[in-house]
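The values are calculated or read from the model by the stated rules, or taken from the named source; none is laboratory data. Just so it is clear, the model here is predicted, and its values are computed rather than measured. Note that we place each Cβ from the backbone using ideal geometry, even for glycine, and neighbour counts take in every protein chain shown. Ligands, DNA and RNA are excluded from the accessible area calculation, which covers all protein heavy atoms including side chains. Shrake-Rupley method; radii C 1.70, N 1.55, O 1.52, S 1.80 Å.
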Amino acid sequence: MRPFVFINVAVSADGKMDTFERKSSSISSTEDKTRVLRLRAEADAVMVGGQTLLAESPKLTVKTPELRAERVAKGLPENPMKVGVVSRADLRLDGDFMMAGPARRVIFTTSQTAPEQINLLSEHGAEVYILGEKRVDLEKALERLYQLGVRRLLVEGGGRLNFELLRLGLVDELSVYVAPKIFGGHSAPTLADGDGLVESAAKTLKLVDVRVLDETGGVLIRYQCIK
Ligand SMILES: NC(=O)c1ccc[n+]([C@@H]2O[C@H](COP(=O)([O-])OP(=O)(O)OC[C@H]3O[C@@H](n4cnc5c(N)ncnc54)[C@H](OP(=O)(O)O)[C@@H]3O)[C@@H](O)[C@H]2O)c1
């Protein structure tokens, strides 16, 4: 068993999640940021990939007090569980992923992470699971999340984690906010990177909804992922 998995990404009109500089570009409009906070508030857990985790140490919390209060009124913790998928879990202990909360923190890693680092992360309150030698076994990670009580999992990138989940058929829904700007650059990350698929293996999506979200001309597209 696995949770319902939904990916949310913000991209430029040329499909890039960031510029070639990879400095975590601001792509979302104010309206989109509000929408994403609601998505987070409705999730049991929020997952990010290793590159995003190590470079940005995102907070992944629900920033509005009203949404946190809604969760608490439903008997849920203030913030969803934060989940990192990282081959070598050399993340900063004083970064926002570890510090911002309160929130349960789960890290899926591989045997490449030094035992001393695993001890340090555990001492700082993270639950660390070793699932693989080279890369994290994503099917096992989702099974484990289900066992931990996660029924709705929001994935917030980056491109390589998104791609692997899509490739393995582990995604139920994909929401893409498209900002009216162009980043360009062959090395700039796209919403699904990794090794790519041959044409016959392309994943098929079913359009659920499309709408203009804000005055900037940002468009929100929602797809259902066909297995
Ligand atoms: N606009 C948005 O919505 C948005 C959201 C999030 C991130 N971003 C951007 O995306 C960029 C980062 O994306 P990214 O593609 O470089 O990295 P990523 O998807 O964040 O992380 C991939 C990392 O996870 C590790 N990993 C371990 N097991 C894995 C598995 N089974 N499948 C996939 N990855 C696995 C990989 O390890 P290995 O080292 O073994 O390959 C790799 O280091 C940044 O520029 C960030 O700003 C944008």
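Brief remarks follow.
- Restricting the GluC sites (Glu not before Pro) of region 131-227 to loop positions (DSSP other than H, G, I, E, B) with no more than 13 neighbouring Cβ atoms within 10 Å leaves E133, E215.
- Quotient of Cα Rg and 2.2 N^0.38 Å for region 82-131, N being how many residues it contains: 1.00
- Pairs spanning more than 24 Å between alpha-carbon atoms, out of K16/K134; K181/K227; K16/K203: K16/K134; K181/K227.
- Probing with 1.4 Å while keeping every protein chain in the model, the per residue accessible area of the chain equals 51 Å².
- Within region 4-226: Cβ-based charge dipole about Cα centre, in debye rounded to nearest 20 (Lys, Arg +1; Asp, Glu -1): 280 debye
- Dmax and Rg, reported as Rg then Dmax, of the chain (C-alpha, Å): 17.0, 50
- Among the protein heavy atoms of region 4-226, carbon and sulfur supply 51% of the accessible surface, probe 1.4 Å, non-protein parts ignored.
- Gain on full extension, evaluated as 0.36 nm per residue between A69 and L207 minus their Cα-Cα distance, stands at 46.4 nm.
- Sorted on the mean count of surrounding Cβ atoms within 10 Å across their residues, most packed first, peptides 86-94, 4-12, 62-70, 106-114 read 4-12, 106-114, 86-94, 62-70.
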